[in-house]
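For reference, the structure discussed in these notes is given below.
The values are calculated or read from the model by the stated rules, or taken from the named source; none is laboratory data. Since the model is a prediction, treat every value here as computed from it, not as a measurement. Positions of Cβ are generated from backbone atoms using ideal geometry, with glycine treated the same way; all protein chains shown enter the neighbour counts.
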Amino acid sequence: MEYATGVQSFRPYFRRHPDNPILTTIDWPYPANSVFNAGATTVGGETLLLARVEDHRGISHLTAARSRDGVAGWKIDPAPSLMPDPGRYPEELYGIEDPRIVLLEESRKWVIAYTAYSHGGPLVALACTTDFKNYERLGPVMPPEDKDAALFPRKFDGRWAMIHRPSTAFFAGRVHMWISFSPDLKHWGDHKILLRSREGGWWDANKIGLSAPPMETPEGWLILYHGVRQTPAGSLYRLGLALLDLENPLKVRRRSNEWIFAPMEPYERTGDVGDVVFPCGWIHDKEKGIIRMYYGCADTSIGLATADFKELLDYILYCCPEPRDLPSSR
């Protein structure tokens, strides 16, 4: 299906699975208020989701779910996989949430970037695992307020890189995506703005943040990000794409003008926080040539949408002008 937008022909590159939402609290082996915003990876031939689970106190933890096909037959850990531990990690006092999972090429360990809620607000913390049964916390790596973080899977000139989203009052309400570098995953610096929120009436004006981790492609790092539009009815979350240079992630090669995915279905528009689609993980199935995007629906459940990998890459390469041609994107 395509329809005119007045600028170019729009098509739904990501298609919702007919069984959406694929995971809800009904599927969970223990009581929970909501299940959403899951990181995603593959482990031993299975799809693994590390879901954010909010309990009936309002505090979030993380629980692993596994599936052979990434769609159905989920095997969910019978108890929380990673709980907040404020006794040893005081930054986790009000919960842990929104994990992004990356397999590091060098160590073959998975590193999970997640949001920890402290007395001072949300901050970025890291944990690593080799089996999603035992976890080693690396602790906080960014001060409040900061969230929406994920690592790149390999180093650049001997340093790890991480995209994240600090908030500051300096930009008069505008919030941008930043990139930082580290020699050891603990000490981070060389902080730079990577992608600015636009101004005015754009769908991604004023507030943006990383969604799923960067995906390496032959043409560059594919970036899925969310834009938050403030409306009289509240916040409206939509998704767009960008493409970074393969060897220099500071260089933005492309950025989509239009959103590519937005809340439309009832389970995306109504829930604990309505009008939200929020992916924390996607998987490139190279054998089938598709991308599976797992996303939180209205902060209540988990949905699945798929896209043809080549179609998505062609879109960002050929349908979008260079960022320098878009004054509002700088």
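Computed quantities for the displayed model
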| item | result |
| --- | --- |
| In the range 169-228, residue surrounded by the fewest Cβ atoms within 10 Å (Cβ to Cβ) [restricted to those that are farther than 19 Å from W282 by Cα and in contact with a helix residue (DSSP H, G or I) (Cβ under 7 Å, 6 or more places away or on another chain)] | G200 |
| Qualifying residue in the range 198-209 (condition: part of a strand (DSSP E or B) and free of Cβ contacts under 8 Å to residues at least 24 places away in the same chain) | no |
| Filter result for the condition that a residue is among the basic types (K, R) and either surrounded by fewer than 16 Cβ atoms within 10 Å (Cβ to Cβ) or on the phi > 0 side of the Ramachandran plot (or both), over R57, R137 | R57 |
| Qualifying position, being surrounded by 11 or more Cβ atoms within 10 Å (Cβ to Cβ), under 22 Å from G289 (Cα atoms) and modelled with pLDDT of 95 or more, among L23, L49 | L49 |
| Residue in the range 230-250 that is assigned to a strand (DSSP E or B), under 15 Å from the mean Cα position of the chain (by Cα) and modelled with pLDDT under 95 present | yes |
| Residues located in the range 100-119, provided they are out of contact with any helix residue (DSSP H, G or I) (no Cβ under 9 Å at 6 or more places or on another chain) and modelled with pLDDT of 95 or more | R100, I101, V102, L103, L104, K109, W110, V111, I112, A113, Y114, T115 |
| Filter result for the condition that a residue is surrounded by 14 or more Cβ atoms within 10 Å (Cβ to Cβ), more than 22 Å from T47 (Cβ to Cβ) and at pLDDT 95 or above, over E97, E92 | E92 |
| Residues located in the range 26-46, provided they are closer than 30 Å to I316 by Cβ, modelled with pLDDT of 95 or more and of a type outside the set (S, T, Y) | F36, N37, A38, G39, A40, V43, E46 |
| Qualifying residues in the range 126-151 (those that are of a type in the set (G, A, S) and farther than 14 Å from L50 by Cβ) - the one modelled with the lowest pLDDT | G139 |
| Hits in the range 71-106 - residues which are more than 25 Å from T24 (Cβ to Cβ) and outside any strand (DSSP E or B) | D85, P86, G87, R88, Y89, P90, E91, E92, L93, L104, E105, E106 |
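One line per residue, one yes/no per condition, for (1) under 18 Å from the mean Cα position of the chain (by Cα); (2) in a loop (DSSP other than H, G, I, E, B):
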residue	(1), (2)
R108	no, yes
V111	yes, no
Y114	yes, no
L126	yes, no
N134	no, yes
P140	no, no
P144	no, yes
P153	yes, yes
H164	yes, no
